[in-house]
Structure formats: structure tokens, C-alpha cells
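The values are calculated or read from the model by the stated rules, or taken from the named source; none is laboratory data. Everything numeric here is computed off the predicted structure, so don't read it as measured data. Ideal geometry is used to build each Cβ from the backbone, glycine not excepted, and the neighbour counts take in all protein chains shown. Just so you know, the surface numbers come from the protein's heavy atoms only, side chains and all, with ligands and any DNA or RNA stripped out. Shrake-Rupley method; radii C 1.70, N 1.55, O 1.52, S 1.80 Å.
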Amino acid sequence: MNIVVQKYGGTSVGSVERIKNVAKRIIEKKKSGHQIVVVVSAMGKTTDDLVKLAYDISKAPPKRELDRLLSTGEQISISLLSMALQAMGHDAISFTGPQVGIRTSGRHTKSRIEGIDTTKILDALNEDKIVIVAGFQGVNENDDVTTLGRGGSDTSAVALACVLDAPCEIYTDVEGIYGVDPRLYPQAKKLDTVNYEEMLEMASLGAGVMHPRAIELGSKYNTKILVASSMLDLPGTIIKKGEHNMEGQSITGLAIDNDETMITIRNIPFDLNITSHFFSQLANKSINIDMISQSAPIDGFINISFTAPTSDLEDAKIILSAFEEKHPGIRILINENVSKLSVVGVGMRSQSGVAAKFFQLLSDNDIQMLMITTSEIRISCIIKSKDRELAVTETAKAFDL
Ligand code: ADP
Ligand code: ASP
Ligand code: MG
């Protein structure tokens with residue numbers, strides 16, 4: 001069998017005309033001798049609108065109900081796409097995530113795919129149907145509908161490609177993966193290829209073009225992923241295993257994340273039990289801590305700064321208040337006006353001086369670094385949000401991205 005999994009994002013199915021365009025592209029692919037499984041996202045801004053509706057009704061909508069609501073967006077687009085294909089004379093069938101046995105575990109709104117039962121999909125393909133699957137959703141052990149986190153349709157598509165042992169084509173509203181989000185830096189260069197490791201870092205650090213978990217799965221199963229335009233017939237970018245893609249480049253790309261909040265707690269008694277208990281409480285609430293730095297103890301007290309997604313701030317505040325009640329001497333500072341700027345590249349492994357160059361260019365532009373972390377292939381720093389445009393442009397120029 002010559003199966004291919006294609007995924008079309010929200011903008012690409014954002015109107016009747018666009019759905020028809022997608023249908024035509026699918027038919028062309030089928031005519032070239034492929035069996036096609038298509039994953040689609042909700043139309044345009046549907047998911048945003050649904051989230052807004054939920055929060056208009058309730059300050060803290062129950063996550064189970066939120067998942068049920070959000071999963072409806074993709075149900076509209078799968079059925080419309082199936083109708084479009086059938087109107088064009090091609091047999092197609094749409095399925096929700098639960099219908100094709102996309103089993104998930106973990107918390108509502110942040111679930112992870114555990115496994116997929118391919119029986120229904122393979123049966124439909126054998127009947128020469130085009131199979132359309134709703135992205136972003138699955139079903140948990142209680143038979144409740146779950147979602148995979150915003151942007152999760154990429155993960156649905158790659159997961160399907162992994163279990164069907166097929167390549168995955170992600171069609172979107174840009175021509176591929178660029179060194180920098182082309183909306184932030186229009187001169188950005190498109191990458192022909194990028195390896196899983198770099199793409200995973202970029203995606204996790206805020207390059208919203210791909211859902212990080214999709215890259216994790218692709219890497220685990222060695223599934224080739226193409227990212228390309230849903231409108232133009234251009235080569236796009238291939239995400240695959242491999243070493244460096246551009247000889248001599250120390251940095252492959254940069255990412256900026258504006259959804260992090262920096263929290264600083266001053267005057268914490270220097271006691272590992274106190275610190276670990278505090279972070280365990282955040283973990284129990286599934287709050288994803290990103291960067292952490294701790295000052296050296298002075299007179300038995302330390303300061304700790306950390307960052308967490310702004311969407312988790314309300315949950316974090318409850319834990320912070322309880323911590324303050326227990327340790328009244330502490331001082332809590334919350335700074336939402338920060339951005340995390342990261343540069344990523346496997347070239348950093350073999351080239352020295354990248355950090356020095358990065359810090360120098362920020363300093364030359366009077367951009368303050370509030371926190372820094374590094375790994376073997378990335379450097380991230382927290383900067384003030386007001387500096388982000390300048391920081392992106394100057395970093396992109398300096399590293400020729
Ligand atoms: P879709 O709805 O197709 O899933 P997304 O909005 O999730 O599309 O992702 C595509 C967007 O990702 C682009 O419009 C672009 O602005 C953004 N983006 C962020 N970083 C990058 C990057 N490095 N390369 C390409 N696009 C990027
Ligand atoms: N519709 C979902 C979202 O907007 C999933 C996706 O588009 O990938 O986040
Ligand atoms: Mg997306």
C-alpha cells in the first residue's frame with residue numbers, strides 16, 4: 001500500500017473555497033497512486049471562538065467539558081471536507097478521533113496519544129475511500145473526548161503516519177520552516193531540511209509552526225515529515241534525522257515565546273525541603289516549569305526565579321498564596337511582560353563563541369537579559385517584552401537566519 005497522511009491546518013480549511021481547494025489537492029494526490037488519510041484542524045479561528053465562549057460562560061470551565069466543546073471544531077471541518085470530496089465524485093469518509101480509536105492518557109486539554117487502532121482506517125482505505133480524521137482529539141480511559149493541546153492536529157497527523165508507516169505531509173499557510181517566523185521577520189530564509197532535534201527545540205521554544213509532540217513522535221518512529229504550503233506547489237521543508245543542514249551555520253533558527261510569565265520569590269529560607277515541596281505542588285497541578293535559577297544563600301535565605309506558561313498563572317497564584325501564608329517573610333514578584341528568546345542549532349556543538357556573540361549583540365542593543373539557560377544545542381534568555389522585536393531582528397541579522 002502506498003499510504004500518505006496529509007494534514008491541513010485551520011487557515012487552509014478556513015472557508016468553503018479553501019476546503020474545495022484542499023479537496024482538489026487531495027484528489028490530485030490520489031490520482032498519483034496514493035491511498036490518502038487526511039487530518040484537518042478546525043476552520044480558521046473556530047477553536048479560539050470556542051475557547052472564548054467557554055470563558056464567557058465560566059471563569060474556570062471544567063476541562064472535561066472544555067474538551068467536549070473544543071473537539072466540535074474539527075467535526076465541522078471533517079464533514080465539510082468529506083462532502084466536498086464526494087461532490088467532486090470521490091468516495092470519502094470522515095471519522096472523529098474517538099471513532100478511529102485514538103486513545104489518549106493524561107489530563108484533559110493536554111492529553112497525549114497512547115495508541116491508535118488502525119482497523120477502521122485500513123478497512124476504509126481498502127474500499128478505496130479517502131479517509132478524513134479529526135485532528136486534535138482522542139478518547140481517554142473513561143470514554144471521554146480529550147484534546148491534545150493547542151496546535152495538536154499536527155500530532156494527530158504524525159501519530160497516524162507512525163502507526164500506518166507512512167510519510168506525513170503538513171500543509172499550512174507558510175511555505176515551510178523558516179529560520180525565524182516569517183511574520184516576525186519577513187526576510188527570514190526557508191530551510192530545505194531541518195533535523196528532529198532542532199525542530200523539537202524550536203517548536204518547544206515557541207515556533208508555533210509545529211506542535212512539539214508531533215516532532216517527538218516523528219523522531220521516535222523516524223517518520224519523514226514535510227511542511228509545505230497548502231496553496232502553492234513549492235518544495236517546503238523536510239524534517240528528518242540527520243546532522244547539520246547548513247554547513248558552517250552555528251544557528252539554524254530562533255524562536256520567541258510570549259506566553260511565559262517570570263515569577264521571582266525572594267527571601268526563601270534556605271532549606272531543600274521547602275523548595276522541593278513548593279515545586280512538587282506546582283507539578284501536582286501540571287504546571288510546566290521552564291527556566292529556574294536560584295541565588296547563592298545569603299544569611300540562610302535564597303531567591304528563586306522561574307518561568308511558567310501564562311495560561312497556568314491562575315493555578316500558580318493559588319500555590320504561591322499558600323506558600324506565602326506558610327512563609328510570611330517571602331516576597332513574590334510576578335512579571336508577565338517578558339518574552340523568551342532562544343537560538344537553536346546543532347552547529348553549536350562544534351562551534352565555540354555562539355553564546356558570546358548572542359550576548360554581545362543583545363548588550364549592543366541595550367537589551368537586558370533577565371534569565372538565561374542553555375543546553376547543548378540552544379541558548380534561551382528572558383527579555384522584556386518591549387525589546388522583543390528589536391531582539392528578533394538583530395539576532396536574525398547577526399546569525400544570518
Ligand atoms: P496551521 O493552522 O496550518 O496549523 P499554524 O498557525 O499552527 O498553522 O502554523 C503556521 C504559522 O507558524 C505560520 O503562519 C507562522 O507565522 C508561524 N511560525 C512560527 N515560527 C515559524 C517558523 N520558524 N517557520 C515558519 N512558520 C513559523
Ligand atoms: N484546532 C486546534 C487549535 O486551534 C488544533 C489545531 O489547529 O492543530 O489549536
Ligand atoms: Mg498549527
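Values computed for the structure shown
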{"read-out": "In segment 113-128, the residues that are surrounded by 19 or more Cβ atoms within 10 Å (Cβ to Cβ) and outside any helix (DSSP H, G or I)", "value": "Ile113, Ile116"}
{"read-out": "Members of segment 168-190 found to be aliphatic (A, V, I, L, M) and buried (at least 22 other Cβ atoms within 10 Å of the Cβ), listed by number", "value": "Ile170, Ile177, Val180"}
{"read-out": "Qualifying position, being under 13 Å from Glu74 (Cβ atoms), within 16 Å of ligand 2 (Cβ to nearest atom) and not charged (D, E, K, R), among Val5, Val22, Val40", "value": "Val40"}
{"read-out": "Segment 134-156, residues that are away from ligand 3 (no atom under 16 Å from the Cβ) and of a type in the set (A, V, I, L, M)", "value": "Val139, Val145"}
{"read-out": "Any chance Gly208 is more than 14 Å from the chain's Cα centre (by Cα) and of a type outside the set (A, V, I, L, M, F, W, C)", "value": "no"}
{"read-out": "Matching residues in segment 1-19 - criterion: being more than 16 Å from ligand 3 (Cβ to nearest atom), of a type in the set (A, V, I, L, M, F, W, C) and in contact with a strand residue (DSSP E or B) (Cβ under 9 Å, 6 or more places away or on another chain)", "value": "Met1, Ile3, Val4, Ile19"}
{"read-out": "Any hit, segment 144-153, residues being of a type in the set (D, E, K, R) and surrounded by fewer than 16 Cβ atoms within 10 Å (Cβ to Cβ)", "value": "no"}
{"read-out": "Entirely in segment 213-316, the strands (runs of 3 or more DSSP E) that have 3 or more residues that are open to solvent by 20 Å² or more (accessible area, probe 1.4 Å)", "value": "260-269, 292-294, 301-309"}
{"read-out": "Matching residues in segment 191-206 - criterion: being assigned to a loop (DSSP other than H, G, I, E, B), within 16 Å of ligand 3 (Cβ to nearest atom) and either touching a Phe, Trp or Tyr at 6+ places or on another chain (Cβ under 8 Å) or open to solvent by 30 Å² or more (accessible area, probe 1.4 Å) (or both)", "value": "Gly206"}
{"read-out": "Contacts under 9 angstrom Cβ, first residue in segment 182-210 being within 14 Å of Leu401 (Cβ to Cβ) and away from ligand 1 (no atom under 11 Å from the Cβ), partner assigned to a helix (DSSP H, G or I) and open to solvent by 70 Å² or more (accessible area, probe 1.4 Å), 6 or more apart", "value": "Gln187/Lys397"}
{"read-out": "Residue that is closer than 14 Å to Ile26 by Cα and within 24 Å of the chain's Cα centre (by Cα), where the choices are Ile78, Ile102, Ile116", "value": "Ile78"}
{"read-out": "In segment 323-348, the residues that are open to solvent by 50 Å² or more (accessible area, probe 1.4 Å) and touching a residue at least 40 places away in the same chain (Cβ under 8 Å)", "value": "Gly329, Arg331, Leu333, Ile334, Asn335, Glu336, Asn337"}
{"read-out": "For Met1: the one exception among (1) modelled with pLDDT under 95; (2) open to solvent by less than 90 Å² (accessible area, probe 1.4 Å)", "value": "(2)"}
{"read-out": "Selection count, segment 20-59, where residues are closer than 16 Å to Ser229 by Cβ, away from ligand 3 (no atom under 16 Å from the Cβ) and in contact (Cβ under 8 Å) with a residue 40 or more places away in the chain", "value": "4"}
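Listed here are the residues, each with its yes/no results for (1) within 17 Å of Gly345 (Cβ to Cβ); (2) within 15 Å of ligand 3 (Cβ to nearest atom).
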position: Lys220; (1), (2): no, no
position: Lys224; (1), (2): no, no
position: Gly242; (1), (2): yes, no
position: Ala255; (1), (2): yes, yes
position: Asp259; (1), (2): no, yes
position: Met262; (1), (2): no, no
position: Ile268; (1), (2): no, no
